[in-house]
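One structure is given here, and the rest of the page talks about it.
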Amino acid sequence: MAIKIHGRQLSFYVRTAMLAMSEMNVESEIIEDDMHSPEYLAKVNPFGKHPAVEFDDFILYESRAILRYVATNYGGLHLLGSTPKEKAMVDQWFEVQGCNFDPPVRRRVPDVAVVEENLSKFEKLLNIYDAQLAKTKYLAGDFYSMADLAHIPLLHRFVASSGKESLVTSRKHVNAWYETITSRPAWKKIVEQYPDV
């Protein structure tokens, strides 16, 4: 039976949950419901946000909690790091993604005027990423992790639709990382299934 993911399939956070399921070869389906309806608020997520995921015996919301649970419950512990140091690095880049990467990038996509307005801030952020990725293949080390996975949907949308893809492609290490993470079979499956960027 497919795991139900509540949310719009174009949502970055819904796609992140879908990607986590795809990485673990867990079948999922999208339930596009009204997140502000009384029924949704009462039965799915009292905060009125997406995604929310129905597992066998409970509903979980907040995308990072969902990613950690999926990794833990479906054989993806390696995506959270194997040693205390690796786990700490995954957590660190998970937090960087949520606090530093998502907010400015999410506001920029796909509004080109907003991209122009905040260009220097995003360039500085990508310079930090490029410096990190000059040292390691992935953000948390030389292993693919949930920290990398969490970046894919938003970064893909930015590159595909912002008109400013050169911000990514002009940075050698960021571009190599981007090409690697978006070439994963799990992400390709999501893009094939839901081609709208």
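Quick check: at a probe of 1.4 Å, how many percent of the accessible area of the range 78-184 sits on carbon and sulfur atoms? Can you show the working numbers first?
Working: 2500 of 4850 Å².
Ligands and nucleic acids excluded, carbon and sulfur reach 51 percent.
What distance in nm separates the simple spin-label points at Asp56 and Glu32, each placed 7 Å from Cα in the Cβ direction?
3.1
For the range 96-105, what does the Karplus curve 6.51 cos²θ - 1.76 cosθ + 1.60, with θ = phi - 60°, yield as ³J(HN,Hα) per residue in whole Hz, taken in order and with x for Gly and Pro?
With the stated coefficients, the range 96-105 comes to 4, 4, x, 8, 10, 8, 4, x, x, 6 Hz.
Towards the positive end of the charge dipole of the chain, with charges on Cβ (+1 Lys, Arg; -1 Asp, Glu), say which of Leu167, Val26, Thr182 has the farthest Cα.
Leu167
Can you list the lysines whose alpha carbon sits under 24 Å from that of Lys124, skipping same-chain ones fewer than 8 residues off?
Correct list for Lys124: Lys135, Lys137, Lys164, Lys172.
In the chain, how does Rg compare with the Kirkwood Rh, expressed as the Rg/Rh ratio over alpha carbon atoms?
Working: Rg = 16.6 Å, Rh = 17.3 Å.
Reported Rg/Rh, Kirkwood definition of Rh: 0.96.
What dipole magnitude, in Debye to the nearest 20, does the range 111-197 give about its Cα centre under +1 on Lys/Arg Cβ and -1 on Asp/Glu Cβ? Present the calculation step by step, with values, prior to reporting the outcome.
Values: 11 positive and 11 negative charges, 61 e Å.
Roughly 300 debye for the range 111-197.
For the chain, report the accessible area per residue in Å² (1.4 Å probe, heavy atoms, rounded to an integer).
On the way: 9700 Å² over 197 residues.
I get 49 Å² per residue for this part.
What's the carbon and sulfur percent of the range 3-75's accessible surface, probe 1.4 angstrom, rounded to a whole number? Write out the running numbers ahead of the final one.
Numbers: 1800 of 3600 Å².
Looking at the range 3-75 in its full context, I get 50 percent from C and S.
Given Cβ point charges of +1 (Lys, Arg) and -1 (Asp, Glu) and nothing else, what value in debye, to the nearest 20, does the dipole of the chain about its Cα centre take? Kindly include the intermediate steps, with their values, before the conclusion.
Numbers: 23 positive and 26 negative charges, 139 e Å.
That gives a dipole near 660 debye.
Loop-only trypsin sites (Lys or Arg not before Pro) in the range 1-48, please: DSSP not H, G, I, E or B, and at most 16 other Cβ atoms within 10 Å.
Working: sites: Lys4, Arg8, Arg15, Lys43; in loops: Arg8.
Qualifying residues, ordered by number: Arg8.
Counting only residues 5 or more places away or on other chains, whose amide H sits under 5 Å from the amide H of Ser28 once H atoms are built in the peptide plane?
So Ser28 has HN proximity to Ile3.
Please grab the % of Cα pairs in the range 3-75 that end up more than 20 Å from each other.
Details: 504 of 2628 pairs.
Across the range 3-75, Cα pairs with separations above 20 Å total 19 percent.
The values are calculated or read from the model by the stated rules, or taken from the named source; none is laboratory data. Everything quoted here is computed from the prediction, not taken from an experiment. Because the Cβ atoms are built from the backbone with ideal geometry, glycine has one as well, and the counts that use them run over all protein chains shown. Heavy atoms of the whole protein, side chains included, go into the accessibility calculation; ligands, DNA and RNA do not. Shrake-Rupley method; radii C 1.70, N 1.55, O 1.52, S 1.80 Å.
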